[in-house]
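Every number here is computed from the coordinates shown, using simple stated rules; none is lab data. Remember, predicted model here, so these are calculated numbers, not experimental data. When we count neighbours, we look across all protein chains shown, and the Cβ atoms used for this are built from the backbone with ideal geometry, even at glycine.
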Amino acid sequence: MKELNKKLTLYGLTMIAIGSCIGSGIFVTPAEIVKAVPHHGYILLVWAIGGLIALTGALTFAELGGLFPKAGGVYVFLKEAYGDIVGFLYGWVILLVINTGALAALSMAFAEYMTYFFPLGGTGKILLAAGCIIALTMINVTGIDKSQAFANIFTGLKLLAIAGIVAVSIYYFDNHEESFSLSLTTNAPEHIQTALLTALIGVLWSFGGWHHASYIAGETINAKRNVPLAMILGTLVVTVTYLLINMAYMNLLTLEEIQGSNRVAGDAIGSVFASGGQMVAVAIAISIFGTIGIYTMTAPRIYFAMAQDGLFFEGLSKIHPKYKTPAAAMILQAIWAVILLLFWGSFHNLITYVTFMDIVFMTLAGISVFIFRKKRKDAERPYKVILYPIVPLIFILISAAFVVNTLIERPFQAIAGIALLGLGLPVYWWFREQRHQDHSQDILDQDI
């Protein structure tokens, strides 16, 4: 059987982990976060908490990535810990809405920013968004080396753009006569615990993606070492980046201005340069374009692994004979993401229930560390999570608190996510029955 090419380096995989996180979120979610916690100190605290969750998650998943250095990443962790059904349901929601929904949202955001430079109507924006998904999928089909080069270039560009915004904010810093307080005891918002957990929705959306590095472990050089390191290094870089750019926003704008802004980065630079909006539009377009490219590459490895395990369409397990990529799985994802674009009106609450479902499975994956420590205590572990069991417990407990708070504060979106999981159950049973029939037929053929 043909195998995937192992060409990803530690640097390339780290840039993929960073580029998966930094998309549009950090440029659009700060307004919602300021609404939830209108206080300089608590704004930075909630971003630091998001970084802590991501870092404890990356440290925890680093052990899992070293234990199972296979294509599919989180899908493999869940399947090995809880059985086929949980692994399938994760892949199901990744394909049905989490990754494809994110692709639809990102591509529409990219098309929206292109209207700064080209006159585009509603149909034009949809066509551009669809074309972006299809074109980047085709680039990624042509080989993991091309994907790695793409991620290196565009992640590097988006980090340079953010560094530019931070540099401008330092040079043109103006305290705009607003009391800039980092003290957590001064003017603290009411019901701060609930406010922080609500604010975490946008924060975790912005941090989401570091675990994409685990999806492509099957194409990584020395995966047992490099997959864990890439997730940890990527998360550290993203956390520092997010704290710096939020400081930049607050240096240039008042909290009231941030709260009322739909394009906070553009307004921040626009407060200094007349052409600031267009300058930032270029930076955001580059960032979003790079993330779309990474998302069209990484998640299809899950559907590929599911198909290899007999839990999905057999054709998705095929590897392109020339490029050694899971081309069929990549094309399926692109088609479904484009279909979602046509039903864009149903995505008003996308961030909440995509993040809710993602964190549910991330929590389960975090718990699996304890399961494997017991079930596979003698297995080789190139990396062991530091300060075990404290670090995974921090990740699990904060993530679980977020899940419970979302159920209470945003029940509609949370229940919609759970219902989506329920729809996956009959699909799973069908694929399991098909696999059972194929296995029975193979035995019968051997007997004959």
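Structure notes:
- Among V37, V272, V385, V227, a tally of other beta-carbon atoms within 10 Å of each Cβ gives an order, fewest to most, of V272, V37, V385, V227.
- Counted by neighbouring Cβ atoms within 10 Å, the residues D145, D378, D267 run from fewest to most as D378, D145, D267.
- Cross-linked pairs K70/K375; K79/K318; K324/K375: Cα-Cα separations exceed 27 Å for K324/K375.
- The distance linking segment 217-250 with segment 47-93 is 16 Å (Cα centroid to Cα centroid, whole angstrom).
- Checking (i) 0.97; (ii) 1.05; (iii) 1.01 against the coordinates, the calculated Rg/Rh (Cα atoms, Kirkwood Rh) falls under label (i).
- For the options H436, H211, H40, a Gaussian network treatment of the chain with springs between C-alpha atoms closer than 10 Å singles out H436 as fluctuating the most.
- Across the chain, Cα pairs under 8 Å and at least six residues apart give a relative contact order of 34 percent.
- Local electrostatic count, S368, Cβ distance below 12 Å [Lys/Arg +1, Asp/Glu -1]: +3
- Per-residue ellipticity at 222 nm from helix content only, as computed over the chain with -39500 (n - 2.57) for each DSSP H run of at least four residues, stands at -24500 deg cm²/dmol.
- This ranking places D358, D84 by how few other beta-carbon atoms lie within 10 Å of each, fewest first, which gives D84, D358.
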